[in-house]
Structure formats: C-alpha cells, structure tokens
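Engineer: First the structure, then my questions, so here it is.
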Amino acid sequence: MDDSSLSRRTMREALEGLGQKVEEASDGNQALERFFLKPSSLVLLDMVTTGRHGLDVLAKLPEMDPTVKVIIATADIQSSTAEQARAAGAKGLLNKPINSDLLKASVTKMLSGGDTWN
C-alpha cells in the first residue's frame, strides 16, 4: 500500500521481476479491504498515507492473518519511526525513494524466512 503511484509502480515492477503477484492499494482502508479479500504472505506498507495510517493498518493485518509479514516503506528516516514500526510488528523497513535492488533483496530474504532488520 502506498499513496504514491510512482512508488507503487516501482515496487510492482521490482516484485513482478521476482515472479511475485502484486495487489495494489492507494490508502489504508483499501489495503485492509484488499487483504481481507485476497490475503498475502507479505505486505509492503507505506507508513504515512491517506485514510488510515500505516501503523493502524499494521496493527490490523495480524488480526486478519497472524502469519503475515510486513515491510514498512517510509520517507521518514528518524530512528524513532523505525522503532515504532518494529515494536508494532513490522519485519523490516525500507527507506523511500525505494531502491529496486534493495527491495528485491529484502523481499527475497523475507520470503525465505528472514527479516530485514539489521
């Protein structure tokens, strides 16, 4: 989920390059609705978006599927933001603008059972 169409396109292209199927959402409420209808093992989630804040979405996703893994994507580089995301259950964090190679490496690691926290 990301409210930026450019960020969504960048992530989609990188993930499809890994052979992954991608569902997009432009805000938090839409992300929850899409996840409810079509759960996924991994969610890339923008921290700040319209509708519902990323941390609110992050709190709801495990209620819907406790096995879901979430990577936060954010332009906020403050360490407190990363700490909030980690405490809320995110398995990793990527800084925006998204670097396609780093995204691919993080997703590959996450899908093989790891996390992206250093």
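Engineer: Could you tell me how many of the residues in segment 96-108 are loosely packed, with under 15 Cβ neighbours inside 10 Å and either among the basic types (Lys, Arg) or closer than 20 Å to GLN78 by Cβ (or both)?
Structural biologist: Count: 3.
Engineer: A follow-up question, please. Is there any pair linking a residue in segment 32-61 that is on the phi > 0 side of the Ramachandran plot and without any contact (Cβ under 8 Å) to a residue 60 or more places away in the chain to one that is in a loop (DSSP other than H, G, I, E, B) and not aliphatic (A, V, I, L, M), with Cβ under 6 Å and at least six apart or on different chains, and which?
Structural biologist: Final answer for the pair search is GLY51/ASP27.
Engineer: Within segment 19-46, how many residues are closer than 23 Å to THR116 by Cα and surrounded by fewer than 12 Cβ atoms within 10 Å (Cβ to Cβ)?
Structural biologist: The number of residues fulfilling the criteria is 3.
Engineer: Let me ask something additional. Tell me, yes or no, whether segment 60-70 has at least one residue that is of a type in the set (Asp, Glu) and at pLDDT below 90.
Structural biologist: So far as segment 60-70 goes, no, none of its residues is of a type in the set (Asp, Glu) and at pLDDT below 90.
Engineer: Could you tell me which of the residues PRO66, PRO62 is under 23 Å from GLY114 (Cβ atoms) and surrounded by fewer than 14 Cβ atoms within 10 Å (Cβ to Cβ)?
Structural biologist: PRO66
Engineer: Something else: Do we have ALA82 as under 23 Å from SER4 (Cα atoms), at pLDDT below 90, touching a Lys or Arg at 6+ places or on another chain (Cβ under 7 Å) and not β-branched (Val, Ile, Thr) here?
Structural biologist: Here the answer is no, as ALA82 does not meet what is asked.
The values are calculated or read from the model by the stated rules, or taken from the named source; none is laboratory data. Predicted model, so just to flag it, every value in this text is computed and none were measured. As a convention, Cβ positions derive from the backbone with ideal geometry for all residues, glycine included, and neighbour counts pool all protein chains shown.
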